[in-house]
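Only one structure is covered here, and it is reproduced in the block below.
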Amino acid sequence: MRELGAPRVLDVGCGSGRVAEGLLDAGASSYVGCDFSEPMLDLARARLDRFGDRARLVKGDFVSADVGGPFDLVVAVGLFDYIADPAPFVRRMAALCRGLTIASFPRWTWFKGPIRRFRYQVVHDCPIFDYTERELRFLFEAAGFARVDLLPWQAGFGVRADNRAPSG
């Protein structure tokens with residue numbers, strides 16, 4: 001966050017606000033979390049209450065929700081596991097971001113893949129999705145990000161997409 005100063009942050013699929021706490025403690029000037037789950041937003045409200053008006057939560061589908069903007073930092077951690085069509089999400093993130101976007105994406109592995117599919121899709125009837133490096137580069141570049149870096153991230157990929165104009 002040092003390179004962004006005191007950023008305005010958007011958290012797509014914010015869930016319980018776990019990521020928000022760290023971002024606000026680290027100096028984010030404002031935080032907007034968007035999620036469609038009221039029970040998760042209730043948890044986030046309780047967790048973020050101490051930050052007062054620096055934290056705002058929006059219930060709705062991120063692709064169409066009124067979240068304000070633009071933002072210096074957009075994060076989406078643990079969201080894309082469950083998104084069948086990620087392109088509208090990434091395009092909206094690019095449109096709202098004037099700085100960096102950080103997102104996590106799962107990838108298929110022969111060790112965890114079958115277990116993960118069985119646990120989520122068969123037992124819990126929850127479709128999950130995996131990504132490749134090629135798909136992610138295409139997805140973010142097509143959305144208009146100036147620079148896309150893929151980073152190792154637990155059992156998948158981290159994407160660091162830069163939407164700032166090149167200096168020089």
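Odds and ends about this structure:
- Table column - 3J(HN,Hα) (Hz), the range 87-100, Karplus curve with 6.51, -1.76, 1.60, x for Gly and Pro: 4, x, 5, 5, 4, 5, 4, 4, 5, 8, 9, 10, x, 10
- Long-range HN-HN contacts of Val63 with modeled amide H, under 5 Å: none
- Highest mean first, the peptides 11-21, 144-154 sorted by other C-beta atoms within 10 Å per residue fall in the order 11-21, 144-154.
- Placing R0 at 25 angstrom, the Cβ-Cβ distance between Ser64 and Arg137 gives a FRET efficiency of 0.40 after rounding to 0.05.
- R0 of 22 Å, Cβ-Cβ distance Ser29-Ala95: FRET efficiency to nearest 0.05: 0.60
- Added length on full extension, which subtracts the Cα-Cα distance from 0.36 nm per residue, Asp149 to Ala84: 21.2 nm
- Residues with amide H under 5 Å from that of Arg147, placed H, sequence gap 5 or more: Asp162
- Calculated FRET efficiency, Ala6 to Arg47, Cβ-Cβ distance, R0 = 22 Å: about 0.60 to the nearest 0.05.
Bear in mind that the values in this text are calculations on the coordinates, not laboratory data. The shown structure was predicted, so the numbers you read here are calculated from the model rather than taken from an experiment. Quick reminder, even Gly has a Cβ in these numbers, built from the backbone with ideal geometry, and neighbours come from all protein chains shown.
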